[in-house]
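Remarks on the structure that follows.
Values quoted throughout were computed directly from the atomic coordinates according to the rules given, and no laboratory measurement underlies them. Predicted model, so just to flag it, every value in this text is computed and none were measured. Glycine gets a Cβ as well: all are built from the backbone with ideal geometry, and neighbour counts include every protein chain shown.
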Amino acid sequence: MSNIRWDRIPFVASSAHPRAWLTIQHNYQLAPNTIEAYGRGVENFLSFCADAGISYEHATREHVALWINEMSNRPLTNPNTNRLRPPNTVRHGQGLSNSTIQQRLTAVRLFYDYLMEEGVRKGNPVGRGRYTSGITHPVVEERGILRRLKKLPWIPDEEQWLNLLEIIKGEGVRNRFMFALQYDCALRRHELCSLELGDLDFAHRTLHIRAEITKYGRERVVVFSENTSLLLKGYLPRRRELSAKSGALFLSESRRNFAEPITIWTWSKFMEEVSSKSGLDNLSTHTLRHLRLTDLARANWKLQDIAKFAGHRNVNTTMIYIHLSARELRARFARSMASINSWREATIREKLYGYS
């Protein structure tokens, strides 16, 4: 399992309780992306506290509310690098997205749960709010302190997709192969960058995604296309030039990390550059996964099959792509219109022509 990148989270690294908490989460064998998100969330809150002259041990709900307001109005940054994006990528002056803020609130909530268990403080300033639902049988329920917005993921249209391919065409064979493989197999960023040579079955064009590199610890086997297989054949000689050893499938070609396994940051940086070249501000390392799963829904794959292909733990997550493809809406519309048309024609026959 990869180590924690303490250099990316200096406030967490230099504070006893945050460092101990994140180390425990790492030792629990949580997915690297989860550890990264937890560290980034707590780091951001500690940074806010330092700027505001607040001790995180004594932070209140008022301080958390100020933090939420600050995140909602700050200039938009790349969540992977914390660098400011170009001005044209800021969404009408808005700050961080609702999903990013929710993710960071979750990390800080869990951190304060730890502080309560350790006896450092009594209450959790990011604790969930309470509300009463129902009229005849009122029930007190919990909900997050910030309203959660659920938006459909962005995917490129046909023209944008062709523009993307034109840009990727000019890249080196490794990046072209990675791009095609991520789309074909609907891979998450960490899954893509963690692949090893032994995960490939060349004869059957299948890819074994090991449990330890998945988000939910569920291994799966997926198929990639013949075109991607040709890119693989083109990449293997370059891979052997970099290193004759087995192990990581994708190796760095930079002078600083020559022949070392590439990191998720390498792929994020590449996709960020493609986003800039294409003018597609919403393009991310997850876009190809979204597009592939939507295409499977468009091809009338069954819900359970798409969920298995994606490695989803809950089919409710998979429903996003069914709705995004408009498959259900189209089928429902056709059925309802057929029923309405039949009724409409029957009434015309009866009333205007005098027979049923």
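Pairs of Lys residues in segment 158-288 that lie 8 or more places apart, or on two chains, and have C-alpha atoms under 20 angstrom apart add up to 5.
Oblate is the label for the chain, because a/c, from the alpha-carbon gyration tensor with a ≥ b ≥ c as root eigenvalues, is 1.5 or above and a/b does not exceed b/c.
Say a paramagnetic label sat at a point 7 Å from the Cα of Glu226, along Cα to Cβ; which residues of segment 170-198 have their backbone N under 20 Å from it? Zone members listed by number: 177, 180-185. Among Glu57, Glu43, the ranking by other beta carbons within 10 Å of each residue's beta carbon, starting with the fewest, stands as Glu57, Glu43.
Once the chain from Leu165 to Lys151 is taken as fully extended at 0.36 nm per residue, the excess over their C-alpha distance is 2.4 nm.
Take the Cβ atoms of Trp265 and Thr60, set R0 to 41 Å, and the FRET efficiency comes out at 0.70. Look at Glu272, Glu219 and count the other Cβ atoms within 10 Å of each Cβ; fewest to most, that gives Glu219, Glu272.
Pairs of alpha carbons in segment 158-288 separated by more than 18 Å make up 54% of all such pairs.
Loop only by DSSP, 10 or fewer other Cβ within 10 Å of the Cβ. Give me the chymotrypsin sites (Phe, Trp or Tyr not before Pro) in segment 212-306 that pass, ordered by residue number.
Values: sites: Tyr216, Phe224, Tyr235, Phe250, Phe258, Trp265, Trp267, Phe270, Trp301; in loops: Tyr216, Phe224, Phe250, Phe258, Trp301.
Taking segment 212-306 and a limit of 10 other Cβ atoms within 10 Å, the loop chymotrypsin sites (Phe, Trp or Tyr not before Pro) found are Tyr216.
How about Lys302: which aspartates and glutamates have a C-alpha closer than 15 Å to its C-alpha, ignoring those fewer than 8 places off in the same chain? Hits, sequence-local ones excluded: Glu328. What the phi angles of segment 256-268 give under the Karplus curve with 6.51, -1.76 and 1.60, with θ = phi - 60°, is a coupling list of 6, 10, 4, 6, 8, x, 5, 9, 5, 5, 4, 5, 4 Hz, glycine and proline written as x.
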